[in-house]
Structures are given as C-alpha cells and as structure tokens.
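The values are calculated or read from the model by the stated rules, or taken from the named source; none is laboratory data. This structure is a prediction, so every number in the text was calculated from the model and none was measured. As a convention, Cβ positions derive from the backbone with ideal geometry for all residues, glycine included, and neighbour counts pool all protein chains shown. Surface areas here come from the heavy atoms of the whole protein model, side chains and all, with no ligands, DNA or RNA. Shrake-Rupley method; radii C 1.70, N 1.55, O 1.52, S 1.80 Å.
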Amino acid sequence: MSDCCSGTCSSKPPVDPCYRRVLWIALFVNAAMFGVELVSGWSAGSVSLLADAVDFFGDAANYGLSLFVLSMLSVWRSRAALMKGLTMGGYGLFVLGASVWNAASGVLPEHMTMGKIGTLALLANLLVAVLLFAYRNGDSNMRSVWLCTRNDAIGNVAVLLAALGVFGTGTGWPDIVVATVMGALGLSAARSVIRQARGEMRAFRYLDADISTDRPSR
C-alpha cells in the first residue's frame, strides 16, 4: 500500500502526504470562494451569501491551522480543534445577528446572483468534500475539517433554495430563514467539535498523570 493509506499509532503520527495535499487544495478553494461570495453577497444584498462567504473565510483559516499543527503532538492538534470549534461558534452567532439585521432592514436580495454564486460554491465544496471524505472519522482536528466542508455543502444547497424562494415570493424572507439555519448549523457543529476536543484533552491529562505516577522516584 502507498504511504497515503498506511499509518502508525503514536502521539506524534507521521504526516500523511495525501491529507496534506487535500488541505492545501481546500485552503486555496475556500480562500478564492471567500472573495467571490463576499463581493457577490454585498452587491446582491444577500445575507445567506455573506454568511457563506464568512464560512469560506473561516474554513480557509481552519485549513491553514490544520496544516500548521498536522505534524505536532496529538494534544496540540486537539487544542487547535478546540480553537476551531470556538471559531465555528462565533461564525454561527455572527450569521444569526446578520439575519436579524437584514430582517429589520427589509433588503430584497438579487435571486439571480444568489443562484449563480450558490451553484459555483456548491461545486467547490463538493470537490473538497469528496477529497476529505476518507478522513471524516479521524481525530477531533480531522473531524472539524470534515464538518466544516459538509456544512458548507449543505449551506450551498440552502442558498440555492433561498434564491428560488426569493424569486417565487418577491421577499427577502427565504434568504433570512436560510441564513438563520446556517447559523444554527454552525453552532451545532461547533458544539460537536468542542466536545470531542475537550474529551481528547482530558484523556491526555489522565495519561500524563498515570505516566507521572508510574515513573520511579529518585
């Protein structure tokens, strides 16, 4: 088997070159889509596109952080996952706040722009999701990367539905509802990642305590 499929169990595992390449691809795709959706979201007046743009930015930062800690000790990778979980939670709160703002402002987004950019974003996230699928059941750091991408793909489908809803109703409420759901999804994923990361960190502390207890005294 190639080095992309093999691995050993240790506190500081060897870096899988395939996983590293996947993270680099995901980093560039998300950074590019952040710029595209940010400009399009502002011009279209769509809070769901802006929410997706912020999510792309957060994911790009998460992939960069994952690359930085990839070859570090497991405890540091769990700490990085905890940080990413907190970031995902912050993203969820931001999106919920933006939804309230747009609801109060009564902005009518451009459904054509939402549909075109939403489709492009969906294709980008499906590419990354396919590449990351094999790593979805790894440690908390790998799991957080997979959850980010999975949530993005779901969010892209929701943006397309919102575009259809705006077109059909002539109001901005479908856009607001979808953005609210995306924010709630971000909070749910953050809770899952934070819980797993904290569990791993507790396990590392117990392991260190056992090693210190078993170490012979001088």
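List of remarks:
- Under the condition of being at pLDDT below 80 and either among the acidic types (Asp, Glu) or open to solvent by 20 Å² or more (accessible area, probe 1.4 Å) (or both), the residues counted in the range 78-99 number 5.
- Scanning the range 152-188 for residues that are surrounded by fewer than 22 Cβ atoms within 10 Å (Cβ to Cβ) and either touching a Lys or Arg at 6+ places or on another chain (Cβ under 9 Å) or outside any helix (DSSP H, G or I) (or both) yields a count of 2.
- Checking each residue of the range 105-117 against the condition of being open to solvent by less than 50 Å² (accessible area, probe 1.4 Å), modelled with pLDDT under 75 and in a helix (DSSP H, G or I) gives no match.
- The lone exception for residue 102 - which of (1) over 18 Å from residue 36 (Cβ atoms); (2) open to solvent by 50 Å² or more (accessible area, probe 1.4 Å) it fails: (2)
- Some residue of the range 168-182 being under 22 Å from residue 83 (Cα atoms) and within 15 Å of the chain's Cα centre (by Cα): yes
- Test: residue 132 is part of a helix (DSSP H, G or I), hydrophobic (A, V, I, L, M, F, W, C) and open to solvent by 60 Å² or more (accessible area, probe 1.4 Å): no
- Which listed residue, of 198, 191, 215, is at pLDDT below 75 and open to solvent by 70 Å² or more (accessible area, probe 1.4 Å): 215
- Just one of the listed residues (147, 126) is open to solvent by less than 40 Å² (accessible area, probe 1.4 Å), closer than 22 Å to residue 64 by Cα and out of contact with any Leu (no Cβ under 9 Å at 6 or more places or on another chain), namely 147.
- Pairs, first among the polar types (S, T, N, Q) in the range 146-160, second open to solvent by 10 Å² or more (accessible area, probe 1.4 Å), C-beta under 7 Å, six or more apart: 149/129; 151/185; 156/122
- Unmet requirement for residue 30, which otherwise passes all of (1) open to solvent by 30 Å² or more (accessible area, probe 1.4 Å); (2) modelled with pLDDT of 75 or more: (1)
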